[in-house]
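Undergrad: Provided herewith is a single structure, encoded as structure tokens, for subsequent inquiry.
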Amino acid sequence: MSDFESDQSGRESDLSYRFGLGSDRHRLEEGDGLILSGVKVACDLSAVAHSDGDAVLHAVADAIFGASGGADIGEHFPDDDDQFKGMDSSAIVEAAVHWALEKGWKPAQLDIVIHLERPRLSGYREKMKENLSRLLTIPVECIGLKAKSGEGLGPVGEGRAVDALAIIQLKRAEKR
Ligand code: MG
């Protein structure tokens, strides 16, 4: 593998690492639980979504696509396509990791912030990180995950939305 890659103009990049930023929001309604980072969070809310509504995994997938030159997940997984209805979002992250590997990049480090008014997520945090560690094949120690309330303000604070932000670092890998 070359240490350099070039675009059509011949401009070359010798980066060993790349960063990607992802963000996602889902509206909340009365329901029987949220799915966040692949973990079922017991509460009387559900996310309004075409897939399982996992804002964390959607933000992570967008971050991976962004860092590896892909489109956003809406293009890879259109929300008007019935084959993705109710889909486990773990498959979206797996597809993003596979996409990045084909471009010669693999996950190195991940940091996440979840904005949710209730319920508190501290009891779910370790399991969420374990799922991300498995999906990205990086150590749990390379994953940060924080939950913040909306302080009663805005859509998050009023309990009408869950937001997730993810930043990922990818490093060079052998192209698959
Ligand atoms: Mg989403």
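The values are calculated or read from the model by the stated rules, or taken from the named source; none is laboratory data. Computed from a predicted model, the values in this text were never measured in an experiment. Every residue, glycine among them, receives a Cβ derived from its backbone with ideal geometry; neighbour counts consider all protein chains shown. Heads up: the accessible areas ignore ligands, DNA and RNA and are worked out on the full protein's heavy atoms, side chains in. Shrake-Rupley method; radii C 1.70, N 1.55, O 1.52, S 1.80 Å.
Undergrad: Out of residues 5 or more away from D88 or on other chains, whose amide H comes under 5 Å of its own, with H placed 1.01 Å from N in the peptide plane?
TA: Hits under the 5 Å cutoff: none.
Undergrad: Quick one: which residues, 5+ away or cross-chain, put their amide H under 5 Å from the amide H of L28? H built at 1.01 Å from N.
TA: So L28 has HN proximity to V48, A161, V162.
Undergrad: Still on this structure: Given the peptides 63-70, 40-47, arrange them by the average over their residues of other C-beta atoms within 10 Å, most packed first. Present the calculation step by step, with values, prior to reporting the outcome.
TA: Values: 63-70: 22.8, 40-47: 15.6.
Descending packing order for the listed peptides: 63-70, 40-47.
Undergrad: Using the alpha-carbon atoms, what tilt in degrees (0 to 90, nearest 10) does helix 55-67 show relative to the longest principal axis of the chain?
TA: Taking Cα atoms only, the helix is inclined about 20 degrees.
Undergrad: Check which residues have an amide H placed less than 5 Å from G38's amide H, if you skip close sequence neighbours.
TA: Placed amide hydrogens put L57 under 5 Å from G38.
Undergrad: Another question, if that's okay. For the stretch 130-170, which whole percent of the accessible surface, found with a 1.4 angstrom probe, sits on carbon and sulfur atoms?
TA: Of all accessible area on the stretch 130-170, carbon and sulfur atoms account for 57 percent.
Undergrad: Follow-up. Hey, can you find the accessible area per residue of the stretch 1-138 for me, probe 1.4 Å, expressed in square angstrom?
TA: Result: 53 Å² per residue.
Undergrad: Here's another thing I want to ask about it. Output ³J(HN,Hα) for the stretch 88-98: one whole-Hz value per residue in order, computed from phi by the Karplus curve 6.51 cos²θ - 1.76 cosθ + 1.60 with θ = phi - 60°, and x for Gly and Pro.
TA: Once θ is set to phi - 60°, the couplings for the stretch 88-98 become 5, 5, 4, 5, 5, 5, 4, 5, 5, 4, 5 Hz.
Undergrad: Counting C-alpha atoms alone, how compact is the stretch 28-89: give Rg to one decimal and Dmax as a whole number, in angstrom.
TA: Every Cα atom of the stretch 28-89 included, Rg and Dmax give 12.4, 38 Å.
Undergrad: So what are the three principal axis dimensions of the chain from its Cα atoms, in whole Å, longest to shortest?
TA: That works out to 53, 36, 28 Å along the principal axes.
Undergrad: Turning to a different aspect of this structure: I'd like the FRET efficiency for K40 and L15, computed as 1/(1 + (r/R0)^6) with the beta carbon distance as r and R0 of 41 Å, rounded to 0.05.
TA: Here the calculated transfer efficiency is 0.60.
Undergrad: Right, another one. Expressed in nm², what is the orientationally averaged projection area of the convex hull enclosing the Cα positions of the stretch 77-164?
TA: 7.1
Undergrad: Using only alpha carbon pairs under 8 Å that are at least six residues apart, calculate the relative contact order of the chain and give it in whole percent.
TA: 30 percent.
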